[in-house]
1. Of the numbered conditions (1) surrounded by fewer than 13 Cβ atoms within 10 Å (Cβ to Cβ); (2) over 10 Å from the mean Cα position of the chain (by Cα); (3) among the polar types (S, T, N, Q), Thr39 satisfies every one except a single condition; which is it?
2. How about the stretch 44-74: which of its residues are free of Cβ contacts under 8 Å to residues at least 12 places away in the same chain, more than 17 Å from Gly25 (Cβ to Cβ) and out of contact with any strand residue (DSSP E or B) (no Cβ under 9 Å at 6 or more places or on another chain)?
3. So in the stretch 65-80, with the set limited to residues that are over 17 Å from Gly18 (Cα atoms) and surrounded by 11 or more Cβ atoms within 10 Å (Cβ to Cβ), which one is modelled with the lowest pLDDT?
4. Please verify whether the stretch 4-27 includes one or more residues that are surrounded by 10 or more Cβ atoms within 10 Å (Cβ to Cβ), out of contact with any Cys (no Cβ under 7 Å at 6 or more places or on another chain), part of a helix (DSSP H, G or I) and modelled with pLDDT under 75.
5. Yes or no: the stretch 47-61 includes at least one residue that is part of a loop (DSSP other than H, G, I, E, B), basic (Lys, Arg) and modelled with pLDDT under 70.
Amino acid sequence: MVDLATHDSLLYVFRYKGATEVKPGDRYKFLYPDDESYTLLIYKVEESDLGKYECCAKNKGGKVAKIAELIITGKYSICVSGQ
């Protein structure tokens, strides 16, 4: 495991749905509540939003990636499972 926090360099964070980079806009917002947490908010979730999302952070210390899957289980029930 790479500890990105111990390296004093600029941290780059990228988010992908499949091979497409997710960029902030009207429906997608990114939150950075602290130096170790990154949150993707999706407003007005649509069926096309379903699928796996990858968050990749990298700097001189290395690269770390995590995958989460967005699943809609009912009209008002949304489940996100992380790996």
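The values are calculated or read from the model by the stated rules, or taken from the named source; none is laboratory data. Keep in mind the model is a prediction, meaning the values are calculated, not measured. When we count neighbours, we look across all protein chains shown, and the Cβ atoms used for this are built from the backbone with ideal geometry, even at glycine.
1. (2)
2. First pass over the stretch 44-74, keeping only residues free of Cβ contacts under 8 Å to residues at least 12 places away in the same chain: 46, 48, 65, 73-74.
Narrowing further to those that are more than 17 Å from Gly25 (Cβ to Cβ): 65, 73-74.
Result: Gly74, single match.
3. The first filter runs over the stretch 65-80 and keeps only residues over 17 Å from Gly18 (Cα atoms), leaving 72-79.
From what is left, the residues that are surrounded by 11 or more Cβ atoms within 10 Å (Cβ to Cβ) are 72, 78.
Numbers: Ile72: 76, Ile78: 58.
Filtering first and then ranking leaves Ile78.
4. yes
5. Initial filter on the stretch 47-61 (part of a loop (DSSP other than H, G, I, E, B)): 50, 60-61.
Next, from what is left, pick out any that are basic (Lys, Arg): 60.
In the following step, the residues that additionally are modelled with pLDDT under 70 were identified as none.
The answer is no, given that none of the residues of the stretch 47-61 is part of a loop (DSSP other than H, G, I, E, B), basic (Lys, Arg) and modelled with pLDDT under 70.
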